[in-house]
Amino acid sequence: MARLALVTGGQRGIGAAISEQLQKAGRKVVASYAGNDEAAAAFTARTGIPTIKFDVSDFDACKAAVAKIEAEHGPVEILVNNAGITRDGTMKRMDRGMWDAVIDTNLGSCFNLAKLVWDGMSARKFGRIVNIGSINGQAGQYGQVNYAAAKSGIHGFTKALAQEGARVNITVNAIAPGYVDTEMVRAVPEDVLQKIIARIPVGRLGHAEDIARGVCFLTADDADFITGSTLSINGGQHMY
Ligand SMILES: NC(=O)c1ccc[n+]([C@@H]2O[C@H](COP(=O)([O-])OP(=O)(O)OC[C@H]3O[C@@H](n4cnc5c(N)ncnc54)[C@H](OP(=O)(O)O)[C@@H]3O)[C@@H](O)[C@H]2O)c1
């Protein structure tokens, strides 16, 4: 039986590439999303991968969604915590709402979903969890105290949870992407983007597929000795 992977934010951007590569690797995949019904419908039509809409920052919504997914498709054996947002601003401009939204969506979601699949994974003695962090959680970034804190938190969360999962064959790893050509990065002003690209040694933005390749590697059945690690995929921009 193919193992079931849940990819949050899995119907567009980096998440879509992750869902598709996991499908190609022989996994059954369910992709979640927040509200972009159009992208979800187009993604399912193109790939055959089912989608489910819920807010990853809301524990009760996650609980209902995981129950529905498991009833319809079987137990979640691979969890990719990919959904994320930015609400950038310097400290002067950042308000409490921008802070909470980014912490709850990027970091709180990792707790919510790992918590909900943890007991099942422990009982079955198999689990693969990958949390998508960021180069900006490793290095910090001007105007992103919320995002850098959330992503940095993901790296700590990963290392702590990996210790709890090790004895029951649940691996927990993180990927720290550099700048990847998705809508999130297309929102960056062009002049700023050109300056960023100039600082990437390989001379280009990442592709979503570059990140997806790392997820497939970390979630393979025989990747059981790789846990608690953060895989940087950033074109050499930051060597951590
Ligand atoms: N792009 C980069 O350069 C880069 C670099 C480092 C790290 N990352 C990280 O990689 C991940 C994916 O980034 P991306 O660039 O692919 O982002 P993206 O294109 O903006 O897509 C974000 C995805 O997350 C979903 N999402 C957002 N808020 C959600 C919520 N509250 N509940 C459920 N789903 C939610 C979105 O659903 P809808 O489509 O319904 O809105 C969408 O599927 C994020 O964690 C991001 O921080 C990205």
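The values are calculated or read from the model by the stated rules, or taken from the named source; none is laboratory data. From a predicted model like this one, the values you see are computed outputs, not experimental measurements. Glycine gets a Cβ as well: all are built from the backbone with ideal geometry, and neighbour counts include every protein chain shown. We work out accessible area using only protein heavy atoms, side chains counted, and drop any ligands, DNA or RNA first. Shrake-Rupley method; radii C 1.70, N 1.55, O 1.52, S 1.80 Å.
Side notes on the structure shown:
- Count of residues meeting criterion [among the acidic types (Asp, Glu), over 14 Å from VAL29 (Cα atoms) and out of contact with any helix residue (DSSP H, G or I) (no Cβ under 8 Å at 6 or more places or on another chain)] in the range 59-97: 2
- Any hit, the range 175-185, residues being under 27 Å from GLN11 (Cα atoms) and more than 11 Å from the ligand (Cβ to nearest atom): no
- Yes/no for VAL76 being under 16 Å from GLY127 (Cα atoms) and touching a Gly at 6+ places or on another chain (Cβ under 9 Å): yes
- Single residue of the range 1-18 satisfying the filter (more than 6 Å from the ligand (Cβ to nearest atom) and surrounded by fewer than 24 Cβ atoms within 10 Å (Cβ to Cβ)) that is modelled with the lowest pLDDT: MET1
- Residue list for the range 72-105, restricted to those being away from the ligand (no atom under 14 Å from the Cβ) and within 22 Å of ILE170 (Cβ to Cβ): HIS73, GLY74, PRO75, VAL76, GLU77, ILE78
- Those residues of the range 186-210 which are among the β-branched types (Val, Ile, Thr), open to solvent by less than 20 Å² (accessible area, probe 1.4 Å) and more than 10 Å from the ligand (Cβ to nearest atom), in sequence order: ILE200
- ALA34 being in contact with a Gly (Cβ under 9 Å, 6 or more places away or on another chain) and aliphatic (A, V, I, L, M): yes
- Test for ARG213: is it basic (Lys, Arg), open to solvent by 30 Å² or more (accessible area, probe 1.4 Å), in contact (Cβ under 8 Å) with a residue 40 or more places away in the chain and over 29 Å from ASP100 (Cβ atoms): yes
- Of all the listed residues (ARG167, ARG128), the sole one being touching a helix residue (DSSP H, G or I) at 6+ places or on another chain (Cβ under 6 Å) and away from the ligand (no atom under 12 Å from the Cβ) is ARG128.
- Within the range 197-240, the residues that satisfy the criterion of being closer than 16 Å to ASN173 by Cα, assigned to a loop (DSSP other than H, G, I, E, B) and of a type outside the set (S, T, N, Q) are ALA220, ASP221, ASP222, ALA223, ASP224, PHE225, ILE226, GLY228, TYR240.
- Within the range 146-167, residues that are part of a helix (DSSP H, G or I) sit with their Cβ atoms under 8 Å from residues that are of a type in the set (Phe, Trp, Tyr) and open to solvent by 50 Å² or more (accessible area, probe 1.4 Å), at 6+ positions apart or across chains, in these pairs: ASN146/TRP99; PHE157/PHE111.
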